[in-house]
Structures are given as structure tokens and as C-alpha cells.
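Structure first, commentary second.
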Amino acid sequence: MAAVEFRVLGPVGVTVDAEPQRLRPMEATVLAVLLADQNRPITLDALIDRVWRGQPPRTAATAIRVHIDRLRAAMRRQDVSRLVAAAGGYRLVVEPGELDAQRFEDALRRGRDVAARDPLTAGTLLRGALAEWRGTPFGAIEGIESIAVTRSYLESRRAELLVELAEVELASGRHAAAIADLRRWCAEYPESEALASCLVIALYRSGDQVAALDECRAFTDRFSTDYGLDAGRAFRRLENDLLNQHPRLDPPRPLAVPVPSAPIGRQELVDAITRLLAAARPPALIALGGRPGIGVSTVLNHLGQALPGAVRLPPGAAAVTGLADALGVTLTGRSTGDRATALAAELCRPGRVLIVDDVDGLAPDTVDLLLALARFPAVCPFVTGGRSRPLADHRLLSDGWIAATDCVALEVQPLDDGAARALVASLVSGTNPGREALVEKVVASAGGDPFLLAALAREAEATGSWVDAPASLDEFVRRSLAGLPDGSVELLALAAS
């Protein structure tokens with residue numbers, strides 16, 4: 001089925017499989033009227049009245065049907081499943097995520113939800129919402145009340161978004177980087193005290209108190225001249241705060257976020273990776289390798305939680321869309337190249353790190369996207385996990401955009417006896433009378449393999465006795481499967497196929 005995307009945050013349009021469709025002016029008007037009442041039926045008479053602004057020609061009914069047929073053809077959906085005949089007229093079916101205005105509202109809502117606890121993520125989401133805009137809603141289409149009402153609503157929501165975005169940028173400590181955007185937004189909304197306040201504060205926090213005072217006084221004078229009103233009390237207080245260098249204008253203190261402890265026995269490895277990423281020129285790729293069960297995924301999970309700018313590529317078929325959601329990027333209707341460009345804009349931000357687990361099991365389209373991302377010079381480092389293999393065989397080095405000389409391969413080693421004892425002891429109850437002997441038996445049997453250590457410890461804790469240790473992780477898995485009820489193994493095999 002073709003991927004359809006509708007656009008109203010700018011000139012009205014429709015794309016199919018990322019390809020913009022050519023629409024005649026009247027077809028664009030019909031589409032605009034239908035989109036203003038998306039998923040609701042519009043009678044033929046109402047549609048005619050709106051399209052021709054109350055002055056339809058005698059052939060209007062025939063003309064509407066012609067335009068509807070052309071719109072269906074443009075969407076490559078000749079059946080009636082997209083433009084439904086309903087209530088003596090038509091209903092345009094718009095699925096979730098297909099309309100840019102819907103995606104804008106969704107990203108705005110998600111950004112607001114996290115703004116108080118995570119302004120950096122909120123900023124990413126809100127910038128994603130702003131990126132949906134390409135101009136005046138519905139373009140140059142005028143004189144249609146339903147479109148005028150929707151346009152007014154959308155423009156008010158955009159004004160709200162800009163204030164929210166300005167505030168989270170300040171809360172994230174990005175005051176200097178936000179100044180250029182704030183100047184542009186203030187010129188667009190010269191009556192907005194909230195945006196003017198954010199610009200003044202950004203200038204002050206960037207060390208330019210004179211410019212902040214000038215901007216503050218210029219807004220007060222302009223507001224009085226243009227509207228015959230005094231600025232609000234909060235804005236008037238802002239000037240006094242500037243003159244007195246009041247502490248409430250200082251940047252907020254960074255939130256104290258507890259850093260999770262490294263997995264048992266992995267602190268040295270985590271420290272080595274952290275140092276590599278903190279270097280003036282970090283590697284393009286850090287490849288963690290190891291045998292199954294050795295704990296590669298555990299280390300990557302920890303890095304995803306401990307590194308402030310880390311973003312994890314979700315597992316499975318939804319990897320790319322999950323990454324886009326985490327970054328606040330919309331991919332609907334975009335080609336692989338356009339998807340990479342949109343994601344790279346967020347992955348080029350300072351401090352970003354992309355965590356990719358099980359690189360050997362990635363779907364081909366996910367690998368293609370990662371290879372496309374690697375072509376952007378400023379894209380963040382990748383930290384990947386997979387089986388041990390020569391670096392030259394790494395899937396992300398296949399097209400030469402990442403050079404082997406710009407990569408570091410790290411082997412995840414078995415735990416030493418001290419770390420192995422600590423891991424097992426953390427899983428065996430302190431009330432177990434044979435605890436010390438049990439710990440030693442598990443450590444002696446598992447060969448420093450964290451997965452097997454944990455599995456044997458939990459098995460012994462659950463049964464209250466020691467079962468002869470398997471010779472390998474594979475044998476342990478076979479033994480565990482053998483204990484399942486009849487038919488369970490076949491069901492698991494079917495689910496995995």
C-alpha cells in the first residue's frame with residue numbers, strides 16, 4: 001500500500017511514497033476543504049459552497065466529481081477507501097500520522113509532557129514539531145470560513161509552541177544558541193511579551209547585559225507606541241531585575257541526576273568507553289564484541305542510561321521508527337536519504353551517542369539507514385554490540401564511509417573470580433545456610449560468564465539445592481528447554497520463526 005502524507009502547514013499538498021503529487025489550484029482547494037474537516041462527511045452542497053465561496057457555477061457538481069477523481073488518482077487509490085462517499089457528499093479518510101498538523105500536535109503534546117523533568121528531550125520534540133511547518137497554513141487559499149478558522153487555530157498553536165520551545169531552551173542552558181532563533185520569533189510575533197522576555201534573558205545569560213537592557217526597553221517603547229498599552233507587570237519587573245542583576249535571572253542549576261552504577265565487574269570497561277567518547281576527536285565507531293552471554297548487552301544498557309546524550313536504537317522491525325520517536329523526528333513519507341537527513345540533524349547535536357545492540361541481527365533497511373547516517377561528517381559516535389569478529393567484517397564498515405582507522409574494537413571479557421563471586425552473592429539469599437559453598441560452586445562452574453553465573457545462581461536459589469553444572473551455556477539452555485511442558489519448545493520455535 002502506498003504511503004500517503006497530507007500537508008496543510010504551508011501550501012496544501014499530498015505526497016505518495018515521498019513523491020509530491022502535482023495538484024491543479026482547484027484540486028488543492030477541494031483537498032484543503034476536505035482536510036479542514038478530515039474524517040468527517042461533507043455534503044456535496046456544502047463542499048460546492050465552500051470551494052466556490054458561495055458563488056458556484058451551474059456545472060459545479062460535475063466539476064467536483066472530476067476533481068475528486070483526480071485527487072484519487074493523485075493518491076494512487078482509485079477505489080473509494082480514501083475518499084469515501086458519505087452523507088450525500090464525501091469524507092476524506094486520514095490515518096494517524098498522515099497529516100502534518102496531527103504530527104505537529106502530537107510532538108507539541110509530548111514535548112510539554114516532559115518539559116519540566118527533561119528540558120533537553122522536550123526541546124528535541126518541540127523542534128520536531130516546528131519542523132513540520134513550511135509556511136502559512138493552507139497557503140494562499142482564502143475566503144473559506146472553515147479553512148480560516150483552522151488556520152487561526154494552528155497559528156495560535158504555533159505561537160504557543162515557540163514560547164514553550166524558548167523556555168525549554170533556556171532551561172537546558174542553551175541561551176546563547178537560542179538568541180538567533182529568538183530574534184526571528186520576536187520579529188514574527190512582536191506583541192509577545194513571553195518571547196521578548198526569553199530573548200532578554202538569553203542575552204543576559206550570555207553576558208550581554210547592555211543588549212538585554214536595550215531589548216527590554218525597545219519592547220516597552222514599541223508596545224506603548226503600537227498598542228497604546230503598558231507592558232505587563234512581569235515584563236516591567238524584568239528591567240529592574242536586569243539593573244539589579246537579580247539571581248532569578250541566573251541559569252537554572254543542572255538537575256542532579258543519579259548515575260547508575262556500572263554492572264558488576266564492568267567499571268573498567270565502562271570507564272574506557274567513556275574516556276574514548278569524551279576525547280576531543282572520539283572514534284566514529286566503538287564496537288563491543290563477545291561470545292553470547294558474556295554481557296555485551298548489559299554494558300550497552302548501562303551506557304544508554306549513564307551517558308546524558310545517549311540514544312538507543314530500539315530492537316526489532318520498529319528500530320528506525322522507534323529511533324525517530326526518541327529523537328522527535330517524523331519519517332512518514334520520507335525516502336531513506338531524507339530519513340537519514342532528518343535523523344542526522346538530531347544526531348549531530350553535541351554529546352549525542354547512538355547505542356546499537358545486536359548489530360549482527362539488524363534488518364537490511366536499518367543497516368542501510370545507519371550507513372546513510374555515517375556519511376554525515378558531524379554525526380555522533382556509534383557504540384555497537386555483537387559477536388566477536390574482525391573489525392573489518394563489521395556491518396557498518398561495509399561501504400567505506402566509516403574507516404577502520406576511525407574505529408575501536410573492545411572485547412568484553414569473562415568476569416574475574418572476584419566479580420563473579422560478587423554477582424552470584426548478590427543473587428543468593430543471605431539466609432541460605434550453604435551460601436558460601438553455593439557461591440563457590442557456581443563461580444567454579446560458569447567460567448566467568450555473567451549470564452550463566454546469574455542463571456545458575458537463580459536456579460540454585462529457587463530449588464534450594466545444587467544441580468550439576470552444565471558444561472556450557474548451550475547445554476544450560478537445552479536443559480532449561482527440556483524442563484518445559486510438552487509442546488512449549490515447538491511453540492517457542494514457531495514464535496521465533
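The numbers here are math on the coordinates, done by the rules we state, and not lab data. Computed from a predicted model, the values in this text were never measured in an experiment. Note that each Cβ is placed from the backbone with ideal geometry, even for glycine, and that neighbours are counted across all protein chains shown.
Once the C-beta distance of Thr341 and Arg22 is scaled by a Förster radius of 22 Å, the resulting FRET efficiency is 0.40 to the nearest 0.05. Count charges around Pro283 for me, please; just the other residues with Cβ under 12 Å from its Cβ, Lys/Arg as +1, Asp/Glu as -1. Within the 12 Å Cβ shell, the charges total +1.
Once the C-beta distance of Val149 and Ala318 is scaled by a Förster radius of 41 Å, the resulting FRET efficiency is 0.65 to the nearest 0.05. Based on C-alpha pairs under 8 angstrom that are at least 6 apart in sequence, segment 295-415 has a relative contact order of 27 percent.
In this calculation the C-beta distance from Trp401 to His246 is compared with R0 = 56 Å, giving a FRET efficiency of 0.65.
Determine, for each peptide in 344-353, 101-110, the mean count of other beta carbons within 10 angstrom over its residues, then list the peptides with the highest first. Provide the component values of the computation, followed by the final result.
Values: 344-353: 16.7, 101-110: 19.3.
Order by mean packing, descending: 101-110, 344-353.
Give me Thr341, Thr15 sorted ascending by neighbouring Cβ count inside 10 Å, so fewest comes first. Present the calculation step by step, with values, prior to reporting the outcome.
Working: Thr341 15, Thr15 20.
The most exposed by this proxy come first: Thr341, Thr15.
Other residues whose C-beta falls under 10 angstrom from the C-beta of Tyr204 contribute a net charge of -3, scoring Lys and Arg +1 and Asp and Glu -1. Under 12 Å from a label point set 7 Å out along the Cα-to-Cβ vector of Asp358, no amide N atom of segment 437-463 is found. When Leu120, Leu396 are sorted by how many other C-beta atoms sit within 10 angstrom of their C-beta, beginning with the fewest, the order is Leu120, Leu396. Put a dot 7 Å past the Cα of Ala326, heading toward its Cβ, do the same for Val84, and the two dots end up 3.7 nm apart. Built from the Cα atoms of the chain, the convex hull projects on average onto 33.1 nm², one quarter of its surface area. Distance between the modelled labels on Ala176 and Phe376, one decimal in nanometres: 2.3 nm (7 Å Cα→Cβ projection).
Ala272 sits among other residues whose Cβ lies under 14 Å from its own Cβ, and their net charge, with Lys and Arg +1 and Asp and Glu -1, is -1.
In segment 135-190, which chymotrypsin sites (Phe, Trp or Tyr not before Pro) fall in coil by DSSP and have 11 or fewer other Cβ atoms within 10 Å? Sites meeting the loop and neighbour criteria: none at all. Spin-label model, Gln305/Thr136: points 7 Å from Cα along the beta carbon direction are separated by 5.2 nm.
Which loop-located GluC sites (Glu not before Pro) does segment 180-211 contain, where loop means any DSSP state but H, G, I, E or B and the Cβ has at most 14 other Cβ atoms within 10 Å?
Details: sites: Glu188, Glu191, Glu193; in loops: Glu191.
The qualifying sites are Glu191.
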